[in-house]
Amino acid sequence: MNESWQIRFVDGLEALDREEAPHGLYGVRQARSDGSRLPGLAHCLSASGRTGFLRRNGFRGSQSPFGLGRLNFTTEAGKQVVLEVLDYATTKVRHYGSAYRLDEHHGKPPKQPLWDLEILVPKLSTRRHADRIRGILLIVHYRHEREISDVLGRTTGAGFLDRYELLHVARGWEDRYGRDFQTVVHLWTQRVEE
């Protein structure tokens, strides 16, 4: 079985969404919070994040600092990987008693992210290092496709990916916890022979 580490990584995120009931990936930061401070998503996925994500999926990782958005790990083939971890939601979920539900009265239009994928993603191809693979992981929660099309821009198109010699793996699913939104994971990495 010669499955790429990128596919295993995305498979692992989908499995983590199932395991982290009743909040899924959407609420993993809140579930792993230390009092009033929310950890970064990279911290939750790292060796210190208590989800066991890296180890269970065959990766050896180091501890990501509490608020840092970078995940460092080694693949089974011994390649060092550095992922910038981003998350974005056009929805607002609140904790009501023992359940997490979509806040229908949120009403505010979603804020645009502070980053621009059409600027960030091409930089992966310009900063090559022989000793490590660089990538960007984006986890998105949204209700309507149009809410994220501007955020993604051209970054998932074949021409864009070929131009910058990038690999893109994506997976999406309906929220498993009845909150009427979609979760999509996007992973862009440099194309590197293993």
Subtracting the Cα-Cα distance of residue 123 and residue 33 from 0.36 nm times their residue separation yields 29.2 nm
Gain on full stretching of the segment that runs from residue 170 to residue 191 - 0.36 nm per residue minus C-alpha separation | 6.0 nm
Using a/c under 1.5 as the rounded threshold, could you call the stretch 146-193 rounded, prolate or oblate? The axes a ≥ b ≥ c are square roots of the C-alpha gyration tensor eigenvalues, and prolate needs a/b larger than b/c, oblate otherwise.
-> oblate
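Computed from the coordinates by the stated procedures, all read-outs in this text should not be read as laboratory data. Since the structure is predicted, the reported quantities are computational estimates derived from the model, not experimental observations.
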